[in-house]
Amino acid sequence: MSEPVALKLTAKDFKSDQEVRWCPGCGDYAILAAVQGFMPELNIPRENVVFISGIGCSSRFPYYMNTYGMHSIHGRAPAIATGLSVSRPDLSVWVVTGDGDALSIGGNHLIHALRRNVNLKILLFNNRIYGLTKGQYSPTSEIGKVTKSTPVGSADAPFNPLSLALGAEATFVARTIDSDRKHLQSVLRAAAEHQGSAFVEIYQNCNIFNDGAFDPLKEPATRDDFLIRLEHGQPITFGKDDQFCVVHPPGGFGLEVRETAATPAGEIVVHDAGVADPAYAFALSRLPGLDLRNTPIGVFRSVTRSSYDRAVQEQVAAAKAGVDQTPEQQLAGLLSAGDTWTIL
Amino acid sequence: MTKQIRQLDRVVIRFAGDSGDGMQLTGDRFTSETAQLGNDISTLPNFPAEIRAPAGTLPGVSSFQVHFADYDILTPGDAPNVLVAMNPAALKANLTDLPRGADIIVNTDEFTRRNLAKVGYATSPLDDDSLAGYVVHPVALTSMTIGALAEHEVSKKDAERAKNMFALGLLSWMYSRPYESTLRFLERKFAARPELVAANVAAFRAGWNFGETTEDFSVRYEVKPAKMLPGTYRNITGNAALSLGLVAAGVRSGLPVFLGAYPITPASDILHELSKHKKLGVVTMQAEDEIAAVGAALGASYGGSLGVTTTSGPGVALKSETISLAVALELPLVIVDVQRAGPSTGMPTKTEQADLNMALYGRHGEAPVAVIAPKSPADCFHAALEAARIALTYRTPVLLLSDNYVANGSEPWLLPDVESLPDLRVEFASRPNGEDGTTFLPYLRDPETLARPWAIPGTPGLEHRIGGLEKADKTGDISYDPANHDFMVRTRAARIETIPVPDVEVEDPDGDARVLVLGWGSTYGPIGAACRGLRQRGLSVAQAHLRHLAPMPANLGEVLRAYDRVVIPEMNLGQLAHVIRAKYLVDAISYNQVRGLPFTAAELETMLEEVLKNV
């Protein structure tokens, strides 16, 4: 095979002529710029890239990408994208969704896309609020959230999107933050390279209805002590002075945060995104507290499993192998199959 | 003993038994033998939704009716001439449908006190005079089958289960059927277990020989082949024909067929059938729900496949939002609704045509789609091709309204030449269509079809975004402009309304009818049979049948106004009649029945006779 030709695309090539209409200051701008800036790296012709979204603020995303795109209906983007990806394995198909779109109305499609391991890159913009409908609580809002629809506080517990994705057998699970372009692009890169479903949660600030939701992970005063930056093959330590670490206490099921100074180096967990058992990534996903302390970002899990698209296409290819009849001849044979009789 | 041979022009046989007695298979085999002989055929299976209702109970009764004749017939027959009752429940459940004088073949082995009690018989109807008006043939089917298989190395259970082949052998003898196809079938079915092939063949022969030797059956019947158009035929159910129609649409369009489906009675057989045709590039996906099924189909259409989803009424309800999206996106999509009795779960294995309103109007906003209905099992093939033709040519969702009656019923199908099937090839957009030569306008329409370009991902230079938000004419950009929305709504309506569809044809052999019977979908057979009945009695009546329900044929108004009265029989509470009254201001008579069963020709004939009297 010859080396692919360098397309020499730039971020500008991925900007559509449409005026971007998110609220000024919305975290979506940063994500859009990061995606547009990252796309040329893939060296995929624009015509082979498709963005499919559902409904919500984030779902306006496809209009701003100068690729093929579909702004579909609430919650259904993974289903529509599955049909496209299975029938057109030559395309690079991206799903853009939000916490309401993916986890509330579209929860069923999300888990089944992940279970099937459809070759989709799913970007979930999580702002923990319904923005487009003007400020109701979402399935990732913290319990007790006071909003227009919950004046005395929400009564239901939230989903942890990564735990959910892992429970649905996702083969690639990652988290990143809208404001950290470098990290965001590194996660996108890993997602794009993954064969199968890649699920990326992006913490995104809604400055109108849920401003500052992720501030402890962004403020210089707190972020280093709150964020756990996962790096494959590296011991998991964090904090300004690496004063914290993650260990797997004997006898326990999960992971815990300890002080590095009081922990023998051999007990610190070395991050391995390729662990076959999803329990490890699940334990990572359970580390953060309600105050966002101990929030891991980066690639939690990246394992190999046959994608649905590929398996389906292989079945079709196997069925077609060795067929020497034209489709018309095959059809004629099919129509006259079984018990027939002829009247002269 | 020499048997008398009597010629008949038509016979209706109903095989009835417990769900586990294999009556569908028995009926199917008898039908196949009958097809080989060249009779015209029409069949009607009738089975419970429960896979195995408690044995021997009325809800567990499954039946298969076959009508065959030496002339062309239109229905599976109103009433059986022969009932095969494998147990007391089968007798009780079907007796009311039998005309006096009909033959009843009963399996006496099952008429035990316990089985009689299960269905509320205090005494055996075989021992009192309750069956006096019928010709009863008591046959110890089970014990004779077990006896015939005494030398065979099969379990008692397997021997007992072969009793349906004994019954089939007996009936095949009675009606002089060629049985080679059944022997071949048994060899195929039990290929892995030769002892079962031998046992079932032996049971079949025992039944045949029993007919030949017993004095209880003194008459053997013959029904000569029907005069049918020359050609090669096969017997086919509606679901099978519809599946092949979709496969054919893929071949004739050169596009891969993508089926997204969720299992639902009575549509699942289409998913089963299409999943076998990967060789022809057909991809089937069993989705997580009805919504995902249509979503995936739409996604595949967006990518250049012929997207199809198959379901029944409750599934269409779930798909409605996505169908509306397809209306807005103006992409091809075929939605097959194999209607069943509703609302809600209703009677999943019983027929009805009460989804017409939903097909025509069941979406939010002004969201018109094309609607087509097949009139018979074999017609499902051509209706599926027509649905695909409209979807591909006019880039629109098309609802194909089958129903349980045509889906599971069968009839002989004159096999078409592949070359004679419509050419469905489409052209994807390949270059910018703007005046400047570089811009692509995804909503610039073909002036003739009003279809927008189908620009599939992967086409360089045509990158564009589409979505559910209202789009500006030509550019497809998001638009909230009032005048644009008004224009787009009217254009979407016009797109459907101006699809050219064939004129409706009127059958009025006498030429002087004053009453027109208008039908749609699966009522074609019973209406046609009723009209024939009236004509044979010297009465004039005209029949017209709608295949296209949206848009309706251009000549329909003129046709309707040419008659003094228009009668519309429907298996719903008058859904087509409402449309006809509203659209054409014709004071149509709506005749309705919603019993989960097709009309009988006799009841329609009686009803129409009343109408004729009052014209």
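Every read-out reported here was derived from the displayed coordinates using simple, explicitly stated rules and does not represent laboratory data. Keep in mind the model is a prediction, meaning the values are calculated, not measured. Methodologically, a virtual Cβ is constructed for each residue, glycine included, from the backbone with ideal geometry; neighbour enumeration extends over all protein chains shown.
Brief remarks follow.
- Model label zone, residue A:272; criterion: amide N under 12 Å from point 7 Å along Cα-to-beta-carbon; scope region A:204-236: A:233-234
- Against chain A, whose longest principal axis comes from its Cα atoms, helix A:107-116 is set at around 70 degrees.
- Taking other Cβ atoms within 10 Å as a rough exposure proxy, A:324, B:486, B:109 sort from fewest to most as A:324, B:486, B:109.
- Loop-located trypsin sites (Lys or Arg not before Pro) in region B:514-611 whose Cβ has at most 12 other Cβ within 10 Å (DSSP): B:537, B:595
- Protection proxy ranking, peptides B:224-231, B:286-293, average beta carbon neighbours within 10 Å, highest first: B:286-293, B:224-231
- In straight-distance terms, cross-link reach from residue A:15 covers every one of the aspartates and glutamates whose alpha-carbon lies under 13 Å from its own, apart from those fewer than eight places away in the same chain; here that gives B:463.
- Computed extension length for residue B:158-residue B:602: 155.7 nm, one decimal, from 0.36 nm per residue of separation with the Cα-Cα distance subtracted.
- Put simply, the amide H of residue B:126, placed in the peptide plane, has no neighbours under 5 Å, leaving out anything fewer than 5 places away on its chain.
- FRET efficiency for the residue A:90 to residue B:344 pair, using the beta carbon distance and R₀ = 45 Å, is estimated at 0.60.
- Residue order, fewest to most beta carbons within 10 Å, for A:85, B:63: B:63, A:85
- Low-density loop cleavage sites - trypsin sites (Lys or Arg not before Pro) in region A:142-236, where at most 16 other Cβ are within 10 Å (DSSP): A:148
- Where a label projected 7 Å from the Cα of residue B:436 along Cα→Cβ would reach, residues of region B:464-481 with amide N under 14 Å: B:475
- Inter-label distance for residue A:253 and residue B:192, nm, one decimal - labels placed 7 Å from Cα along Cα-to-Cβ: 4.0
- Mean separation of Cα contacts under 8 Å, 6 or more apart, over the residue count of region A:175-268: relative contact order %: 15
- Ranked B:352, B:411, criterion: other C-beta atoms within 10 Å, fewest first: B:352, B:411
- Take each residue in B:252-261, count the other chain C-beta atoms within 10 Å of its C-beta, and the mean is 2.
- Sequence-distant residues sharing a close amide H with residue B:398 (under 5 Å, placed H): B:333, B:334, B:335
- Fully extended contour minus Cα-Cα distance, from residue B:150 to residue B:357, at 0.36 nm per residue: 68.7 nm
- Greater than 24 Å apart at Cα, pairs in B:350/B:613; A:182/B:471; B:157/B:189: B:350/B:613; A:182/B:471
- For region A:256-264, 3J(HN,Hα) per residue [Karplus equation, 6.51 cos²θ - 1.76 cosθ + 1.60, θ = phi - 60°, Hz, x = Gly/Pro]: 9, 9, 10, 7, 4, 4, 9, 10, x
- Under a 5 Å amide H cut-off, with hydrogens placed 1.01 Å from N, residue B:105 pairs with B:83, B:84, B:85, B:137 among residues at least 5 apart or on other chains.
- Electrostatic tally near residue A:9: other residues with Cβ closer than 14 Å to its Cβ, Lys and Arg +1, Asp and Glu -1, net 0.
- Seen through its C-alpha gyration tensor, with square-root eigenvalues sorted a ≥ b ≥ c, region B:4-223 comes out rounded because a/c lies under 1.5.
- Per-residue ³J(HN,Hα) for region B:579-589, Karplus 6.51 cos²θ - 1.76 cosθ + 1.60, θ = phi - 60°, Hz, x for Gly and Pro: 5, 5, 4, 6, 7, 10, 6, 9, 7, 6, 8
- Other residues whose C-beta falls under 12 angstrom from the C-beta of residue B:396 contribute a net charge of +3, scoring Lys and Arg +1 and Asp and Glu -1.
- Proximal charge balance of residue B:542 [Cβ under 11 Å; K/R count +1, D/E count -1]: -3
- Working note: Karplus 6.51/-1.76/1.60 with θ = phi - 60° gives region A:229-242 the couplings 8, 6, 9, 4, x, 10, x, 8, 10, 7, x, 3, 10, 6 Hz, where Gly and Pro are set to x.
- Shape box of region B:234-420 [Cα atoms, principal axes, largest first, Å]: 43, 37, 27
- Loop GluC sites (Glu not before Pro), region A:226-282, which have at most 16 other Cβ atoms in a 10 Å radius of their Cβ (DSSP): A:231
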